[in-house]
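Report on the following structure.
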Amino acid sequence: MKGDRVEIVVDAGDTTRTYEVIATRAGRRVETAVRRGVVEVSEVTRSGTVIRTARFMATRVLALVEQPIPRDDDQAG
């Protein structure tokens, strides 16, 4: 699903930083997981192979915004 994207807003002391993980090719998706105080955002292929992963300390993450690909109304249903 080219176009799937996750924005991560992180506290960087006196300011905030925004990072994006985007599905770069058709058929890939972006998955999020919170494990042991770490937020992981990964780009994954159809078969489940992880292409790249971004890791952030959960205590520093201010917002995690998942933005799916925009779909036409004709495709729904």
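Numbers at a glance
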{"quantity": "Local electrostatic count, M57, Cβ distance below 14 Å [Lys/Arg +1, Asp/Glu -1]", "calculated": "+3"}
{"quantity": "Estimated FRET transfer efficiency (S47, R17; beta-carbon r; R0 30 Å; 0.05)", "calculated": "0.40"}
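All of the numbers you see were taken from the coordinates with simple rules; none came from a lab. Source: prediction; values computed, not measured. Don't worry about glycine lacking a Cβ; one is built from the backbone with ideal geometry, like all the others, and counts go over all protein chains shown.
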